[in-house]
1. I'd like to check one number: the per residue accessible area of the stretch 161-215, probe 1.4 Å, reported in Å² as a whole number.
2. What translational diffusion coefficient, in µm²/s and rounded to a whole number, does the Stokes-Einstein relation yield for the chain at 20 °C and a viscosity of 1.002 mPa s, taking the hydrodynamic radius as the Kirkwood radius over Cα pairs?
3. In the stretch 137-290, what percent of the accessible surface is made up of carbon and sulfur (1.4 Å probe, ligands and nucleic acids excluded)?
4. Using Cα pairs closer than 8 Å and at least 6 residues apart in sequence, work out the relative contact order for the chain, in percent.
5. Once phi is turned into θ = phi - 60°, what whole-Hz ³J(HN,Hα) does the Karplus curve with 6.51, -1.76 and 1.60 give for every residue of the stretch 158-175, x standing for Gly and Pro?
6. At what distance in angstrom do the alpha carbon centres of the stretch 1-59 and the stretch 88-167 lie from each other?
7. Of Ser200, Ser183, which has the most accessible area and how do the rest follow, probe 1.4 Å?
8. D for the stretch 146-272, whole µm²/s, Stokes-Einstein with Kirkwood Rh over alpha-carbon pairs at 37 °C and 0.692 mPa s: what number?
Amino acid sequence: MSGTGARGLFTTMLRIRRFEERCVELYSAGAIRVFLHLCVGEEAVAAGVLAALSAEDAVVSTYREHGHPLARGVPMESLLAEMFGRVTGCSRGRGGSMHLFDAGRRFYGGNAIVAGGIPVSVGLALADRLRARPRVTACLFGDGAVAEGEFHESLNLAALWHLPVVFCCENNRYAMGTALARSHAETDLALRAGSYGVRSWAVDRMDAVAVREATALAVDTARAGGGPCFLELRTYRFRAHSMYDADRYRDRAEVEAWRLRDPVDLLAAALTADGLLDDAARKELDEAVGREIDEAVRAAEAAPVEPVEDLIRFVTTTTDPGVAR
């Protein structure tokens, strides 16, 4: 990848990291009152996967999703307003952190149900195939979703119907608080996906460039009619499952060992070694991201909540065609 491409990946990852760090502060201060699942440590997947997609491709995400819409181009203001429950949020303040949507950017959630987005991705890909549109759907989900029936049914149908889906499994080794080896007899998830006839391979997801290259290969394969692909993106989350989680199921030494492979720091070091980033440039970029977040927070705080009279809008309808609802 070119230096420009790698620098772009770094910028995306830094925006995600700083955004989530601010979300922790806002949550602790009571400004964010919804469930909050952070992807700190997993930024390479959002940057790498989304960079390999075109604007016409679809993205289906999971509840640990902040990095995905940011990498897709959804404005920070829209995301923070959603977490604040404001009407200017990307889901009008009705969904919160786990239900971030932006149909205009073909970003279809955000889904609080484990594996709930996987069948949706198959439906989107089927629609594109039936209409002969050269699009690909990227579906992101965690390793816990591999234990769900939706995963197996969806991979089977995608392979059977030769659909243009790229299944991206963010294997962070813990489904909530359960280690992978304690819930899966076969821990090679790429091997399990391959049993359905889906082209599958594993990727070091702490390396954003490697993720981007692997995703590009999978996307090109699916777009060219090669059928679905599965990427097992092996990574690690540095924080607990959610802000409610006491995180007592992992040894502190394990977490600290993984922090030595921080994807943001790894890419920064690589860019510095190649002469593409220095301390001054990184400081300037960090300050610019900080200003962007500050402006998003101010806008979200100033945004209105939805009027009480509109609360059942989009929820109920009327049989009277002359009455708008």
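The values are calculated or read from the model by the stated rules, or taken from the named source; none is laboratory data. In this text the structure is predicted, and so the values were computed from the model without any measurement. We place every Cβ from the backbone using ideal geometry, glycine too, and count neighbours over all the protein chains shown. Side chains are part of the model used for accessible areas, which takes the heavy atoms of the whole protein and leaves out ligands, DNA and RNA. Shrake-Rupley method; radii C 1.70, N 1.55, O 1.52, S 1.80 Å.
1. Working: 2420 Å² over 55 residues.
The answer is 44 Å² per residue.
2. Numbers: Rh = 20.4 Å.
Rounded to a whole number, D works out at 105 µm²/s.
3. Values: 3570 of 7010 Å².
Of all accessible area on the stretch 137-290, carbon and sulfur atoms account for 51 percent.
4. On the way: 599 pairs, mean separation 72.9, N = 325.
It rounds to 22 percent for the chain.
5. Running phi through 6.51 cos²θ - 1.76 cosθ + 1.60 with θ = phi - 60° gives 4, 6, 4, 9, 6, 8, x, 10, 10, 7, 10, 8, 7, 7, 9, 6, 9, 8 Hz.
6. 19 Å
7. Numbers: Ser200 35, Ser183 65 Å².
Greatest to least solvent exposure: Ser183, Ser200.
8. Values: Rh = 16.0 Å.
Estimated diffusion coefficient is 205 µm²/s.
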